[in-house]
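These notes are about the structure you will find just below.
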Amino acid sequence: MRRCGGGGEAEPATRELARLEPQGLALYDELRAHRIRPKLRLEQERVGFQWVKTALSALARASRL
């Protein structure tokens, strides 16, 4: 996966986020479980919209398998 718009965080947030839609929650769960990269922190201001769309599409396809 290409590195884009993210940094590291010593103590990443892991609390539940009740207002996320299912695709956003799936991405958040990937981040909380460190499956993309250990302690990855996405900085919204720096993440390109196309990158987000691609990542969410991949998660949606994986969830249908």
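Some points to look at:
- Pairs are defined by a Cβ separation below 8 Å, a sequence spacing of at least 6 or placement on different chains, a first member in segment 38-65 that is more than 22 Å from T14 (Cβ to Cβ), and a second member that is at pLDDT 85 or above and part of a helix (DSSP H, G or I); the pairs so defined are A60/Q23; A60/A26.
- Checking each residue of segment 3-15 against the condition of being out of contact with any His (no Cβ under 9 Å at 6 or more places or on another chain), loosely packed, with under 14 Cβ neighbours inside 10 Å and at pLDDT 80 or above gives at least one match.
The values are calculated or read from the model by the stated rules, or taken from the named source; none is laboratory data. Note that this is a predicted model, so its numbers are computed, not measured. Reconstructed Cβ throughout: ideal geometry from the backbone, glycine too, with neighbour counts over all protein chains shown.
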